[in-house]
1. Suppose the filter is loosely packed, with under 15 Cβ neighbours inside 10 Å and more than 22 Å from residue 71 (Cα to Cα); does residue 146 pass it?
2. Of all residues in region 65-108 being among the hydroxyl-bearing types (Ser, Thr, Tyr) and either at pLDDT below 90 or in a loop (DSSP other than H, G, I, E, B) (or both), which is nearest to the chain's Cα centre (by Cα)?
3. Being over 21 Å from the mean Cα position of the chain (by Cα) and not in a loop (DSSP other than H, G, I, E, B) is the filter here; which residues of region 109-128 pass it?
4. Which number in (1) in contact with a Lys or Arg (Cβ under 9 Å, 6 or more places away or on another chain); (2) loosely packed, with under 14 Cβ neighbours inside 10 Å marks the one condition that residue 118 misses?
5. Can you name the residue in region 68-83 that is small (Gly, Ala, Ser) and exposed (fewer than 15 other Cβ atoms within 10 Å of the Cβ) and, of all such residues, is farthest from residue 114 (Cα to Cα)?
Amino acid sequence: MRRPARRSAAVARSLWTARIWPLFAGAVTAVGVAAASNVFGWLALGVVYAVVSLFADNACNVLTDGTKFGKFGSGHPDLVPYQAFPASDGYFIVACLTNAFYKRMASALGRDDLLTDPKFATNPSRVTHRAEVVGVLSEIFRTNTVEHWIALLEANDIPTCRVNSLDEILAHPQIAANGLVVELD
């Protein structure tokens, strides 16, 4: 027997309250105590909790109606486009969390046809036609650099970021500032 859809919110609250909130609350509390006392130590977090917390919204679907998710690459199962795309010189993420973001992106790209085609007009239709949407956007994004697309998307208030290689991550100034990589003699 299928559970009623209204349980999704209850399950989401349960996951957040029982599993995810303590992870964040514990980390924030530990940092606050360390900062206030000027005594720093180790903060151990269960990796499994961190990973499961990233899938809380998907877990609701699995637990309430038995949804079986297939592979969707770097994308989000319920939002399109929300994934990494190829540019001419690397990859970057486009995160259209709502139709408002999508509409701004299509306009910024000069592709109003992406707003009028019924397959692309709403998020549910884009999810249904994911491969086609991703294909069209990939063709567009391959025509210029990561820097170009990020600048265009940021200028139009669309969430985006570069996908860095491991060597780029390890050379990032924040990694050095946090002392995450040290040279030994």
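1. Judged against the criteria, residue 146 is not a match.
2. Selected residue: 74.
3. Once the filter is applied, which keeps residues that are over 21 Å from the mean Cα position of the chain (by Cα) and not in a loop (DSSP other than H, G, I, E, B), region 109-128 yields 113, 114, 115, 116.
4. (1)
5. My answer is 70.
The values are calculated or read from the model by the stated rules, or taken from the named source; none is laboratory data. On a predicted model such as this, the values are computed, not experimentally measured, just so you know. Note: ideal-geometry Cβ built from the backbone for every residue, glycine included; neighbour counts use all protein chains shown.
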